[in-house]
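The values are calculated or read from the model by the stated rules, or taken from the named source; none is laboratory data. Because the structure is predicted, anything quoted here is derived from the model rather than measured. For neighbour counting, all protein chains shown are included, and Cβ atoms are generated from backbone atoms with ideal geometry for every residue, glycine included.
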Amino acid sequence: MVYVAHVLKPDYSDAQFPYWRVTRGSLSHNRTFITEGTWGAQIIDELKPQEGEHLVVKKGFGGFSNTPLDTILRNMDVNTCVVTGVTTCVCVSTTVRGGVEHNYRMIIVEDAVAEVHRDTHEAELKTMRRVFAEVKSTDEVVAMMAEAD
């Protein structure tokens, strides 16, 4: 397993997205959920990487952008990525698109991703399904993994 976490310094000086929007624009409120050292940036015990698993810390929206994710996956001989997480229209979508650009088969687990608004969530899944990824339920992914063993 490879985990990807979005964690930034409190002043957002290491952010790879336009951090000026955080301090001057519409994103200026309630953004401490990805700030290092805060409760919101911690990984809950049930999801913490185990020995031998990888944690990739990203500074932008996509898991492949300026991270070792591609190198780790290639060294593991991975060619398919199963993606879960938040937010569907931003981080999930950007990571999936990055995976496609690196020639991975991308699968989104539709009941294991979330977005603030249901309509944008559904629209992004529709776009993902049409162009970038297979969109499957948790049960479908579990069945696929069982067949692969």
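Could you check, for region 97-111, whether at least one of its residues is in contact with a strand residue (DSSP E or B) (Cβ under 6 Å, 6 or more places away or on another chain) and of a type in the set (Asp, Glu)? Yes. If you check LYS58, LYS126, which single one turns out to be touching a Ser or Thr at 6+ places or on another chain (Cβ under 9 Å) and of a type in the set (Lys, Arg)? So the residue among LYS58, LYS126 that is touching a Ser or Thr at 6+ places or on another chain (Cβ under 9 Å) and of a type in the set (Lys, Arg) is LYS58.
When region 37-77 is limited to residues that are of a type in the set (Asp, Glu) and without any contact (Cβ under 8 Å) to a residue 12 or more places away in the chain, the one that is farthest from ASN103 (Cα to Cα) turns out to be ASP45. Quick check on THR35: is it among the polar types (S, T, N, Q) and at pLDDT below 95? Yes, satisfied.
When region 57-66 is filtered for residues that are of a type in the set (Val, Ile, Thr) and buried (at least 19 other Cβ atoms within 10 Å of the Cβ), nothing remains.
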